[in-house]
Amino acid sequence: MFRVASLDERNRLFEIWHDAVKATHHFLDDAAFNEIAELVRDKYLPSKDFLVFVDAADMPLGFMGTNAGEVESLFIDPNHFGKGVGKAFINHMKSHHAEVRLEVNEQNQQAVGFYEACGFETVRRDPTDDHGRPFPILHMVWRRPTE
């Protein structure tokens, strides 16, 4: 089930982010991880609204940040990888938008494969991330098929 995250759940969202990145972003060294974690914890999570997918006990299992038709962030608790949580978020976006855009680290092959399986195509590649770090970014898009 989806709902909007409450402000007092920011620690849980950070925990999901932390665990998901540790499980998938093996290309980050400790210094880069710690730098990014600080930005996520102190700047990103407090400044945005997020949609969460919760279990029967109302515990967030994943979260998604969006802006119009763009997925700005999508992180799933690794204990729930492969159980349909990420796909539910993507299907939610597809049901509300004729075009969905996102960016993903090229080195996160698990996520790239997931988005490709969901019908996304790479339309552009940047050799560095937004902060100039050597982590290539893929810009991907899904478009609702025309009939």
Worksheet entry | Three-way shape call for region 5-56 based on the alpha-carbon gyration tensor, with the a/c threshold at 1.5 | oblate
Worksheet item: In this model, which of Lys22/Lys83; Lys22/Lys94; Lys48/Lys83 are farther than 23 Å apart at the alpha-carbon?
Response: Lys22/Lys94; Lys48/Lys83
Fill in: Rounded, prolate or oblate (a/c below 1.5 giving rounded, otherwise prolate when a/b exceeds b/c) for region 1-118 by Cα gyration tensor
rounded
Response to the item:
Note to self: C-alpha centroids of region 1-44 and region 75-141 sit apart, in Å, by 16 Å
Item to complete: Sort Glu35, Glu106 so that the residue with the fewest other Cβ atoms within 10 Å of its own Cβ comes first and the one with the most comes last.
Response: Glu35, Glu106
Worksheet item: When the chain is treated as a GNM, springs tying every alpha-carbon pair under 10 Å, which of Val54, Val123, Val71 comes out with the largest mean-square fluctuation?
Response: Val123
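A short reminder: the numbers here are calculations on the coordinates, not readings from a lab. These figures come from a predicted structure and were not determined experimentally. Reconstructed Cβ throughout: ideal geometry from the backbone, glycine too, with neighbour counts over all protein chains shown.
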